[in-house]
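Participant: Starting off with a structure, shown below.
The values are calculated or read from the model by the stated rules, or taken from the named source; none is laboratory data. Just so we're clear, the structure is a prediction, and the values are computed from it rather than from any experiment. Note: ideal-geometry Cβ built from the backbone for every residue, glycine included; neighbour counts use all protein chains shown. For accessibility, only protein heavy atoms count, side chains too; no ligands or nucleic acids. Shrake-Rupley method; radii C 1.70, N 1.55, O 1.52, S 1.80 Å.
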Amino acid sequence: MGKDGNYNIIYRGEQRDYIALGRRIFVQRAKEVDGGFWLAGCGQIIFELGLEQPKSLTNGLAFLNAAGRVAALPDWDDDFKLEG
């Protein structure tokens with residue numbers, strides 16, 4: 001499990017009997033297909049891939065960190081006007 005509890009890492013040959021809803025999961029691919037990790041999310045009735053292609057674990061974690069920073073931004077201002 002990730003240090004902050006926001007994601008799990010499933011390495012080659014491992015299996016999980018249970019994954020909590022809403023968790024992010026890194027699933028390691030086989031070396032024969034160039035390795036890397038798929039990033040996925042576990043929903044009520046779906047298992048959603050989070051990135052369009054496998055990434056290194058470092059790049060996947062950077063994506064999660066960036067997504068967390070974006071989520072912390074305030075909601076969109078409907079009255080915003082671009083002038084100039």
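Participant: Just to confirm, what accessible area per residue do you get for the chain at 1.4 Å probe, in whole Å²?
Facilitator: Numbers: 6750 Å² over 84 residues.
Value returned for the chain: 80 Å² of accessible area per residue.
Participant: Can you pull the one-decimal nm distance between simple spin-label points at F63 and E32, each 7 Å off the Cα toward Cβ?
Facilitator: 2.4 nm
Participant: Taking the convex hull of the alpha carbon atoms in the stretch 41-84, what volume per residue do you get, in Å³?
Facilitator: On the way: hull volume 6.9 nm³, N = 44.
So the per-residue Cα hull volume is 157 Å³.
Participant: Quick check for me: using +1 on Lys/Arg Cβ and -1 on Asp/Glu Cβ, what's the dipole size of the chain about its Cα centre, in debye to the nearest 20? If you can, show how the numbers build up before the last one.
Facilitator: Values: 10 positive and 12 negative charges, 118 e Å.
It works out to roughly 560 debye.
Participant: Would you mind telling me the share, in percent, of accessible area of the chain contributed by carbon and sulfur at probe 1.4 angstrom? Let's see the in-between values first.
Facilitator: Numbers: 3550 of 6750 Å².
The computed percentage sits at 53.
Participant: Do the sum for the chain: with -39,500 (n - 2.57) for every DSSP H run of n ≥ 4, divided by all residues, what is the mean residue ellipticity at 222 nm, to the nearest 500 deg cm²/dmol?
Facilitator: Values: 1 runs with 15 residues, N = 84.
When only DSSP H runs of four or more count, the value is -6000 deg cm²/dmol.
Participant: While we're here: Ignoring ligands and nucleic acids, what accessible area does L61 show with a 1.4 Å probe (Å², nearest 10)?
Facilitator: Around 50 Å² of this residue is reachable by solvent.
Participant: At 0.36 nm per residue, and after removing the present C-alpha to C-alpha distance, how many nm does the segment from L73 to S56 gain when stretched out fully?
Facilitator: Extending this stretch completely gives an extra 3.5 nm.
Participant: Be a star and scan the stretch 69-83 for residues whose amide nitrogen sits under 20 Å from the point 7 Å along the Cα-to-Cβ vector of E48.
Facilitator: Answer for this model: 69-76.
Participant: Binning at 5 Å from 0, report for the chain what percent of all alpha-carbon pair distances ends up in each bin.
Facilitator: So the P(r) values, bin by bin, are 3, 12, 21, 21, 16, 9, 6, 5, 4, 2, 1, 0.
Participant: With every protein chain kept in the model, how would you rank W76, W38 by accessible area, 1.4 Å probe, largest at the top? Please report the intermediate quantities before stating the final value.
Facilitator: Values: W76 195, W38 70 Å².
So, going from the largest accessible area down, we get W76, W38.
Participant: Of R16, R23, which has the most accessible area with a 1.4 Å probe, and how do the rest follow in descending order? Please list the in-between numbers first.
Facilitator: On the way: R16 90, R23 40 Å².
The ordering from most to least exposed comes out as R16, R23.
Participant: What angle do you read, to the nearest 10 degrees and between 0 and 90, between the alpha-carbon axis of helix 57-71 and the longest principal axis of the chain?
Facilitator: 30 degrees
Participant: Further, regarding this structure: If you average the sequence gap of Cα pairs under 8 Å that are 6 or more apart and divide by the length of the chain, what percent do you get for the contact order? Don't jump to the answer; show the numbers that get you there.
Facilitator: Details: 98 pairs, mean separation 14.7, N = 84.
Relative CO of the chain lands at 18 percent.
Participant: Sorted by accessible area with a 1.4 angstrom probe, largest first, how do V70, V33 fall?
Facilitator: Working: V70 100, V33 75 Å².
If we order V70, V33 from most to least accessible, we get V70, V33.
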